[in-house]
1. Is there any pair linking a residue in the range 146-165 that is more than 15 Å from LYS198 (Cβ to Cβ) to one that is assigned to a helix (DSSP H, G or I), with Cβ under 8 Å and at least six apart or on different chains, and which?
2. Scan the range 217-243 for residues that are in a helix (DSSP H, G or I), in contact with a Ser or Thr (Cβ under 6 Å, 6 or more places away or on another chain) and either surrounded by fewer than 16 Cβ atoms within 10 Å (Cβ to Cβ) or among the β-branched types (Val, Ile, Thr) (or both) and jot them down.
3. Name the residue, out of ILE255, ILE195, ILE264, that is touching a strand residue (DSSP E or B) at 6+ places or on another chain (Cβ under 7 Å) and hydrophobic (A, V, I, L, M, F, W, C).
4. Within the range 178-205, can you find the residues that are more than 10 Å from LEU165 (Cα to Cα) and at pLDDT below 95?
5. Within the set of pairs 6+ apart or on separate chains, which have a first residue in the range 200-222 that is under 15 Å from ARG168 (Cα atoms), a second that is of a type in the set (Lys, Arg), and C-beta atoms under 8 Å apart?
6. Out of the range 244-282, which residues are more than 15 Å from LEU33 (Cβ to Cβ), among the charged types (D, E, K, R) and part of a loop (DSSP other than H, G, I, E, B)?
7. Residues that are surrounded by 14 or more Cβ atoms within 10 Å (Cβ to Cβ), of a type outside the set (Lys, Arg) and modelled with pLDDT under 95: does the range 119-133 have at least one?
8. Please verify whether the range 27-41 includes one or more residues that are of a type in the set (S, T, N, Q) and surrounded by fewer than 14 Cβ atoms within 10 Å (Cβ to Cβ).
Amino acid sequence: MNYRLHENGWTVMLEDFDLKQATQDDINQIAKLLATNTVVVARGQNLSVDDEVKIARMFKNPEQFYHDDVNHYHSYFKGAEIPESDRYLLRVTGEKNEEGLTGIAGWEEEMQWHCNDHSNPNRRSLIWLYSVRGSKGSRTTWNNNILSYNELDEERRKPLENLKLIERVYIANDLDDPDTSQNNDYIPSLVIENIAGKKGFYFPFLQYSGFVGMSKEESKEIFKWLSEYTVQDKFCYHHDWEDGDIVIAEQWLGIHKRWPFKSIEKRLLHRAAFDFPDQDYR
């Protein structure tokens, strides 16, 4: 399996590789690259739903998405599940199904910076996006918070090492008056170490509102500069989609956003979530 690094110096671009032919050793190598580089891209793929499910299972613990009409469990998924994938895949689209329901993220406006299932400590670590059709002209951006952490000097980094995040009740863009009341038993650390021993920021800043034991004013000041700092262009990879593209991204030390796209009802991506396969990453 051949790959090169994108011109940004860190995003992994697989070259002339057909994921349908991937062995477990290939998947393990991709997983190691994800643990150190956070994003792996493969272009020009032609996968069936069965192919996607097979690959997801070669990673570890792929998530099955479903909606329970009785308990309204994961109502966000309603209409987005792909039953023929055994519900391992979701539709990402504005296109409506026979019940008149869109997939997830089916709006034209920007899908703001976020990561997968932020309030769940047992969430899947990797997200798979595969462009099936209609994606040309759309763009998604990922950042790399291993890089942003490592570039800070010791004086700026040290005060951040022991901070813990307070969840925001909902994703919002207003950093002027964050709610800093604790509303979740899960209290993640701002600085974490991943499966490969890489340290960086776990900082989906629109999904959190402050830091434990800190005033609103102190939290606001750090959130403002750190959110602006971590999404500087030098820490980002911009993916301009073509049909057949796959992007797999690590979800602990990076966040992402989808830019506005007017033809969202014609764009169909498949999304899967899974974990790193068992192997030595150190």
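The values are calculated or read from the model by the stated rules, or taken from the named source; none is laboratory data. Please read all numbers here as calculations on a predicted model, not as lab measurements. Glycine gets a Cβ as well: all are built from the backbone with ideal geometry, and neighbour counts include every protein chain shown.
1. If the second residue must be assigned to a helix (DSSP H, G or I), the pairs left are LEU160/ILE222; LEU160/LEU226; LEU163/ILE222.
2. Just the residues of the range 217-243 that are in a helix (DSSP H, G or I), to begin with: 217-230, 233-235.
If we keep only those that are in contact with a Ser or Thr (Cβ under 6 Å, 6 or more places away or on another chain) as well, we get 219, 230, 235.
Matches in the range 217-243: THR230 only.
3. Details: ILE195 fails: touching a strand residue (DSSP E or B) at 6+ places or on another chain (Cβ under 7 Å); ILE264 fails: touching a strand residue (DSSP E or B) at 6+ places or on another chain (Cβ under 7 Å).
None of the other options fit; the residue is ILE255.
4. PRO178, ASP179, SER181, ASN183, ASN184, ASP185
5. LEU206/ARG168; GLN207/ARG168; TYR208/ARG168; SER209/ARG168; GLY210/LYS216; GLY210/LYS220; PHE211/LYS164; VAL212/LYS164
6. ASP245, LYS262, GLU265, LYS266, ARG267, ASP278 - these are the residues of the range 244-282 that are more than 15 Å from LEU33 (Cβ to Cβ), among the charged types (D, E, K, R) and part of a loop (DSSP other than H, G, I, E, B).
7. Filtering the range 119-133 down to residues surrounded by 14 or more Cβ atoms within 10 Å (Cβ to Cβ) leaves 119, 123-132.
Subset that is of a type outside the set (Lys, Arg): 119, 125-132.
From the residues that got through so far, the ones that are modelled with pLDDT under 95 too are 119.
Within the range 119-133, one or more residues are surrounded by 14 or more Cβ atoms within 10 Å (Cβ to Cβ), of a type outside the set (Lys, Arg) and modelled with pLDDT under 95.
8. Initially, the range 27-41 is screened for residues of a type in the set (S, T, N, Q), giving 28-29, 36-38.
Now drop any that are not surrounded by fewer than 14 Cβ atoms within 10 Å (Cβ to Cβ), which leaves none.
No.
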